[in-house]
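The values are calculated or read from the model by the stated rules, or taken from the named source; none is laboratory data. Keep in mind that this is a model prediction, so the values were computed, not measured. Cβ atoms come from the backbone with ideal geometry, glycine included; neighbour counts cover every protein chain shown.
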Amino acid sequence: MPLQPIEPHGSGQNPKPNIPTPIDPPALLHLSFFGESGCFAAGMDRGFRIFCCDPFREIVRREVDVGGISAVDMHFRYTIMALVGGGPHPNYPPNKVMLWDDNQRRYIGELSFRTEVRSVLFHRDRVVIVLEHKVYTYNLADLKLLHQIETISNLKGLCAVSQLAGSVVMVCPGLHKGEVRVDHFGAKRSKFIMAHDSKIACFALNPDGRFVATASSRGTLIRVFNTVDGTLFREVRRGADIADIYSLAFSSTAQWLAVSSDKGTVHVFDLNVNTKSPRNGNSLCASDSNLAVTQSRSFRSLVKGVLPKYFSSEWSFAQFRLLEGSHYIVAFGHQKDTVVILGMDGSFYRCQFDPTNGGEMTQLEYHNFLKPEEAF
């Protein structure tokens, strides 16, 4: 059965789908991973699409003649999508979140605000709405407001939610420049972390909510903090030049951290986490393959405080080169030691890194998900 277009808000009829052509390709307004990075959503100037990463395939396409979608998220367990209008011709007012049930092909709810919605995300049975100065958390079943948080100006809609020991962990900007706020809702506890001197540009939680990685508007240093006590766990260096950090992503065990920026290189850092599940029969920190890395870190600890911080920083373990200036976001793939990279030009890359030697990553797969021939 062919996919049918969604109905624009307030319309009584379904418009005909606007099939992209090479002359008039769709324009991307939004890209985001969801479902523990197993899928990603693309909001466009006329609808949205949902893709599976492994194997790569398009699973949902909803297009309208005129109607941009600037934010999309899909519930990991249901076929419910949260949609926000955007672009030159938004499909809905930008201050509304529309909840769309794709099985029933109908809207099941909407949330309206006084200001523009910056981002939206699901976490289990909650939906989180991010405005420039507010973060709202609602119960999905009845759209009852559960939490309301004030933040510093947050035009990017930065927010991350995860789960730690049965408690929901949410990270958002604090009330001061360079500060992040960590809320443990189950424990009814908030922690404020002064992560950087400059404005927060990006952050990410690891899957179990133990760590938060942060980057500032300078984009040179990435810091990883413990979400429980706010202590600094690691500091790594992307580079020496100022850069715009577009995304941060942890691997499932928090062993690796991936970073994308406008410099055109995706970096993977070894966080040296002593995981409970050993690799190659040994603890990661004690394995022979990491002896050189450990010695290098020991040397850097000796020169710390003697040489400039530039020399004592942890540098990336693996890299993948892309076009400088282009916008890419990154996540770890379900295949071992793989990274998935999405570009606002419609590019999909799957790369693999050597967990022992690092260095340049190997490209395994490439697609352009905006081209009609790439649709399934």
_Quick check on the range 121-140. Is at least one of its residues aliphatic (A, V, I, L, M) and touching a Pro at 6+ places or on another chain (Cβ under 7 Å)?_
no
*asked:* Looking only at the range 210-234, count every residue that is over 21 Å from the mean Cα position of the chain (by Cα) and among the hydroxyl-bearing types (S, T, Y) and tell me the total.
replied: 1
*Which pairs have Cβ atoms under 7 Å, sit 6 or more apart or on different chains, and link a residue in the range 131-149 that is within 14 Å of V161 (Cα to Cα) to one that is assigned to a loop (DSSP other than H, G, I, E, B) and at pLDDT 95 or above?*
V135/T151; V135/C159; Y138/K144
_Being surrounded by fewer than 18 Cβ atoms within 10 Å (Cβ to Cβ), under 15 Å from W315 (Cα atoms) and hydrophobic (A, V, I, L, M, F, W, C) is the requirement here; does A240 meet it?_
yes
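Just the residues that are of a type in the set (D, E) and farther than 16 Å from E150 by Cα, please, taken from the range 89-136. Break it down stepwise before answering.
From the range 89-136, those of a type in the set (D, E) are 101-102, 110, 116, 125, 132; that's our starting set.
Matches in the range 89-136: D101, D102, E110, D125.
From the residues in the range 364-376 that are surrounded by fewer than 13 Cβ atoms within 10 Å (Cβ to Cβ) and not basic (K, R), which one is nearest to L28 (Cα to Cα)? If you could, list the steps in order and put the result at the bottom.
Step one: list which residues in the range 364-376 are surrounded by fewer than 13 Cβ atoms within 10 Å (Cβ to Cβ), which gives 366, 371-373, 376.
Keeping just the survivors that are not basic (K, R) gives 366, 372-373, 376.
Details: Y366: 18, P372: 15, E373: 17, F376: 19 Å.
By that ranking, first place goes to P372.
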_Every residue from the range 169-189 that is in contact (Cβ under 8 Å) with a residue 24 or more places away in the chain and crowded, with 20+ Cβ neighbours inside 10 Å_ = V169, M170, V171, C172, P173, V180, R181, V182, D183
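So, P207, is that one within 21 Å of the chain's Cα centre (by Cα) and within 24 Å of V117 (Cβ to Cβ) or not? First the steps, then the outcome.
Values: within 21 Å of the chain's Cα centre (by Cα): yes; within 24 Å of V117 (Cβ to Cβ): no.
Here the answer is no, as P207 does not meet what is asked.
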*Restricting to the range 320-362, what's the tally of residues that are part of a strand (DSSP E or B), over 18 Å from the mean Cα position of the chain (by Cα) and more than 14 Å from H267 (Cα to Cα)?*
0
*Which of the residues spanning the range 320-341 are crowded, with 16+ Cβ neighbours inside 10 Å and within 17 Å of S251 (Cβ to Cβ)?*
F320, I329, V330, A331, F332, G333, D337, T338, V339, V340, I341
